[in-house]
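**Student:** Dropping the structure in here first, questions after.
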Amino acid sequence: MRRYYYDLHVHSCLSPCGDNDNTPNNIAGMASLCGLDIVALTDHNTAKNCPAFFAAAEKYGIIPIAGMELTTSEDIHVVCLFETLAEALEFDSFIETKRIRIKNKPQIFGEQLILDQDDNVIGQEENLLSNATMISIDEVNSAVLKFNGICYPAHIDRFSNGIIAILGTIPSDSEFTFYEVHSKDRIESLANDHSINPDRFIVSSDAHYLTDMRDKENFFTLTDERNKVVAELFEFFRRKL
């Protein structure tokens, strides 16, 4: 067993609010400099830069996780993670049918760039990615499970798009078993206020710029067999369901 330092919430230049320098290769390179082992790419309502990120991560020795930051119909952000790239892309296709199409205005919201493994621009998403989808907070967990994924509310310690900020509390019938915070210092108060086991918090950067990524601090203790790490990590998440 060994410690694997993680960041499970990072945006690329495909997210409208993500910096154009947040290319798959730059993210993987910065993760390596930060001493991270496991990194999830979680763009807003899309996984289309995950294939390029997987190729970049291999070059830098990073263990990649394919994901997405889904925006529910209530405007709540939820981190969705998938055990395989194929399952993430299948979920991406499903989300395409649940998006509300609003033309992006790059001069206001930012460009939405799709890149290849060499960071070449191979396309742009024309419709805004960050707006709400047609999936409610009550539906997201079952929707993700159909694609063998796991999910949890993002940055619940923030006022913007957090489940507590939007709903005023965490519903007593919530199906979520993990919750993400941006600041580790908020775990104790949130655990006390909402009766959450402190072990159920994930701490991630929600990086939109390379400089948002943090040096290694938060970790999972997992098998020392690298090719089994992702499967064991998802087994850990599912044991808590």
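**Student:** Evaluate the distance, in nm, between pseudo-label points positioned 7 Å from the Cα of CYS17 and of SER73 along their respective Cα→Cβ axes.
**Tutor:** Output for this residue pair reads 2.3 nm.
**Student:** Give the ranking of HIS182, HIS11 by solvent-accessible surface, highest area first, calculated with a 1.4 Å probe. Don't jump to the answer; show the numbers that get you there.
**Tutor:** Values: HIS182 55, HIS11 0 Å².
Most to least solvent-accessible, the answer reads HIS182, HIS11.
**Student:** A further question on this structure: Could you tell me how far the Cα centroid of segment 106-173 sits from the Cα centroid of segment 176-241, in Å?
**Tutor:** 17
**Student:** Continuing with the same structure: With a 1.4 Å probe and every protein chain kept in, tell me what percent of the accessible surface of the chain is carbon plus sulfur.
**Tutor:** Working: 5100 of 10690 Å².
With neighbouring chains kept in place, the figure for the chain is 48 percent.
**Student:** Normalised by the number of residues in the chain, what is the relative contact order in percent for Cα pairs under 8 Å and 6+ residues apart? Provide the component values of the computation, followed by the final result.
**Tutor:** Details: 517 pairs, mean separation 61.6, N = 241.
Result for the chain is 26 percent.
**Student:** Just the accessible area per residue of the chain, please: how many Å² with a 1.4 Å probe?
**Tutor:** Details: 10690 Å² over 241 residues.
Roughly 44 Å² per residue, with all protein chains present.
**Student:** Kindly report, to the nearest 10 Å², the accessible surface of GLU126 as traced by a 1.4 Å probe over protein heavy atoms only.
**Tutor:** Answer for GLU126: close to 120 Å² accessible.
**Student:** With every protein chain kept in the model, how would you rank LEU210, LEU89, LEU115 by accessible area, 1.4 Å probe, largest at the top?
**Tutor:** Values: LEU210 35, LEU89 60, LEU115 10 Å².
Ranked list, largest accessible area first: LEU89, LEU210, LEU115.
**Student:** Report the per residue volume, in Å³, of the convex hull enclosing the C-alpha atoms of segment 115-241. Display every interim value, and only then the final one.
**Tutor:** Numbers: hull volume 22.0 nm³, N = 127.
Looking at segment 115-241, the number lands at 173 Å³ per residue.
**Student:** How much accessible surface area, in Å² rounded to 10, belongs to the heavy atoms of ASP138 with a 1.4 Å probe?
**Tutor:** 120
**Student:** Ignoring ligands, DNA and RNA, how do ARG101, ARG214 rank by accessible area with a 1.4 Å probe, largest first? Please list the in-between numbers first.
**Tutor:** Numbers: ARG101 115, ARG214 80 Å².
Descending order: ARG101, ARG214.
**Student:** Next up: What figure in square angstrom, to the nearest 10, would you give for the accessible area of GLU58 with a 1.4 Å probe?
**Tutor:** We get 150 Å² for GLU58.
**Student:** Under 23 Å from the Cα of LYS98, which lysines turn up, not counting those fewer than eight places away in the same chain?
**Tutor:** LYS48, LYS146
**Student:** Given points 7 Å out from each Cα along the Cα-Cβ axis, report the LEU85 to GLN107 separation in nanometres with one decimal.
**Tutor:** Label-label distance for LEU85 and GLN107, simple model: 3.7 nm.
**Student:** Here's another thing I want to ask about it. Work out, step by step, the length gained on full extension between ARG226 and ASP212: first 0.36 nm times the residue separation, then minus their alpha carbon distance; give nm to one decimal.
**Tutor:** On the way: separation 14, 0.36 × 14 = 5.04 nm, distance 2.65 nm.
The ARG226-ASP212 span can extend by a further 2.4 nm.
The values are calculated or read from the model by the stated rules, or taken from the named source; none is laboratory data. Note that the structure is a prediction, hence the values are computed from the model and not measured. Cβ: placed from backbone, ideal geometry, glycine included. Neighbour counts: every protein chain shown. Each accessible area value is taken on the protein alone, full model and side chains, heavy atoms only, with ligands, DNA and RNA left out. Shrake-Rupley method; radii C 1.70, N 1.55, O 1.52, S 1.80 Å.
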